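Since every read-out is calculated from the coordinates, none of them should be taken as a lab result. What you are looking at is a predicted structure, and each value in this text was computed from that prediction instead of being measured. In this analysis, Cβ positions are derived from the backbone assuming ideal geometry, glycine residues included, and neighbour counts consider all displayed protein chains.
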Amino acid sequence: MTVIVLFGGLSDERHVSVASAQNIVRTLAHSPTSALAHSFAWFQAANGAIHDVAVSDLLAHERSFEIDFVPSRPAIFPDVEMALDTLPVEDPVFVLALHGGAGEDGTLQRMLEARGIPFTGSGSEASAIAFDKARAKERVKDHVRVVESRAGTNLQEMVEEMFTRHERVVLKPLAGGSSRGLFFLKRGDAIPETEDIPYIVEQFVEGRELTVGVVDRGHGPFALPVIEIEVDAGHAFDYAGKYLGHGTREICPARIPDAMARDAQATALAAHLALGCRGYSRTDIVATPDGMVFLETNTLPGLTTASLVPQELAAAGIGFDEFLEEQIRLARVESRVQSAEVREQS
């Protein structure tokens with residue numbers, strides 16, 4: 001087995017991806033399992049090219065959330081498809097440290113599935129549905145409570161229409177993560193200038209901001225301890241709040257009543273199952289006086305040292321090395337099952 005940690009990518013979440021890869025390769029390098037200790041790090045540059053990166057170079061990169069990683073070695077493949085078609089190793093398994101864009105929306109997952117290559121995280125269908133916030137809400141609405149929302153490209157029209165029924169709304173890119181392009185508006189506020197991309201406009205709900213990871217250790221998925229996000233007045237849990245610590249705090253485990261924690265965990269698990277996620281996921285929730293409200297599920301949440309899922313794993317007493325080894329094993333098992341199904345159908 002050869003483990004390849006794939007990171008970087010074409011989305012605006014490249015910085016988070018680099019920080020996730022640093023945590024992953026550092027952990028794998030110290031793994032007592034020799035097969036995991038010998039792994040590769042492949043960086044996908046913004047132009048799509050794949051670079052084989054020395055682990056020492058990756059770990060030496062500082063301020064990952066703010067400064068671009070620039071590989072010192074030339075590209076070994078012009079794009080990811082050629083890399084997958086001409087893999088120079090035997091028995092590969094990919095640990096996906098990509099976030100956003102084609103790395104998380106099912107595009108890369110379809111490439112890997114078509115070639116029978118094992119990879120960590122959810123499959124292509126679950127990834128595609130979860131990445132589209134409108135499709136995700138439609139898929140989970142019979143299992144968890146969701147808020148009213150509108151999705152499309154005419155932001156002005158959607159916001160005005162939502163304000164006919166709601167005092168406050170939330171604007172998010174329809175497909176994206178790391179809370180970039182996130183806006184909170186009150187009735188009468190000016191609608192911000194945004195990129196020409198599809199947006200989702202959601203009813204704002206007041207409550208405690210919670211997030212819950214779900215992992216599978218080979219015996220079925222289960223929910224991790226709950227994290228509560230505390231946000232100072234005048235701030236939001238956006239990119240600066242998440243990764244630069246501006247005006248937010250992450251309380252792990254959340255200091256909430258046991259019944260509330262169980263409800264949040266049940267909501268995250270229900271969303272994970274309804275979406276068909278595999279391996280691990282993280283679901284964002286608002287705890288309101290009327291119960292839990294589903295916001296979104298991330299199929300490749302951040303795995304940096306400061307990220308939410310690693311914090312929850314630690315609170316559950318699960319080592320990050322254990323988690324990675326289990327995800328790699330599950331990826332290989334799932335790939336074998338899919339290959340057997342393909343053989344039977346043919």
As straight-line cross-link partners of residue 137, the qualifying aspartates and glutamates (C-alpha separation under 14 Å, not fewer than 8 residues apart within one chain) are 148, 202, 284, 296
Per principal axis, largest first, the Cα atoms of the stretch 101-199 extend in Å by 53, 31, 19
Quick calc, the chain, dipole around Cα centre from Cβ unit charges on Lys, Arg (+) and Asp, Glu (-), nearest 20 debye, gives 460 debye
Its Cα gyration tensor gives the chain an equivalent ellipsoid whose semi-axes in whole Å, largest first, are 33, 22, 21
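The stretch 269-346: D in µm²/s via Stokes-Einstein (Kirkwood Rh, Cα pairs, 20 °C, 1.002 mPa s)?
145 µm²/s
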HN-Hα couplings for the stretch 91-102 via Karplus (6.51, -1.76, 1.60; θ = phi - 60°), in whole Hz with x for Gly/Pro, come out as 6, x, 9, 9, 9, 8, 10, 7, 9, x, x, 5
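Taking K and R as +1 and D and E as -1, what net charge do the other residues with C-beta under 11 Å from the C-beta of residue 115 add up to? Display every interim value, and only then the final one.
Values: positive: 110; negative: 81, 85, 113.
Cβ neighbours under 11 Å give a net charge of -2.
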Measuring from its Cα centre, the stretch 148-204 shows a charge dipole (+1 at each Lys and Arg Cβ, -1 at each Asp and Glu Cβ) which, in debye to the nearest 20, is 240 debye
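Test of the criteria: in the stretch 255-291, which trypsin sites (Lys or Arg not before Pro) are in a DSSP loop and have at most 11 other Cβ atoms within 10 angstrom of their Cβ? The partial results should precede the final answer.
Numbers: sites: 255, 262, 278, 282; in loops: 255, 278.
For trypsin sites (Lys or Arg not before Pro) across the stretch 255-291 that sit outside H, G, I, E and B with at most 11 neighbouring Cβ atoms in 10 Å, the list reads 255.
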Sorted by chain and number, the residues with a modelled amide H under 5 Å from that of residue 279, at a separation of 5 or more or across chains, are 216
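Roughly how large, in nm² to one decimal, is the mean projection of the convex hull of the alpha-carbon atoms in the stretch 1-113? Write out the running numbers ahead of the final one.
Details: hull surface 26.0 nm².
Over all viewing directions, the stretch 1-113 projects a mean Cα-hull area of 6.5 nm².
Beta carbons within 10 angstrom, averaged per residue: use that to sort the peptides 144-156, 91-103, highest first.
Details: 144-156: 15.7, 91-103: 23.8.
Order by mean packing, descending: 91-103, 144-156.
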For the chain, whose charge dipole is built from +1 on Lys and Arg Cβ atoms and -1 on Asp and Glu Cβ atoms, the candidate among 25, 108, 213 with its Cα farthest towards the positive end is 213
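Could you tally the net charge around residue 290, taking each other residue with its Cβ under 15 Å from the Cβ of residue 290, Lys/Arg +1 and Asp/Glu -1?
Details: positive: 145, 208; negative: 148, 206, 263.
Net charge in that neighbourhood comes out at -1.
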Sparse-neighbourhood loop hits (GluC sites (Glu not before Pro), the stretch 176-222; DSSP loop; Cβ within 10 Å at most 15 others) -> 193, 195, 206
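Sum -39500 (n - 2.57) across every DSSP H segment of at least 4 residues in the chain, then divide by the residue count to get the 222 nm mean residue ellipticity, nearest 500. The partial results should precede the final answer.
Numbers: 12 runs with 122 residues, N = 346.
Computed ellipticity for the chain at 222 nm equals -10500 deg cm²/dmol.
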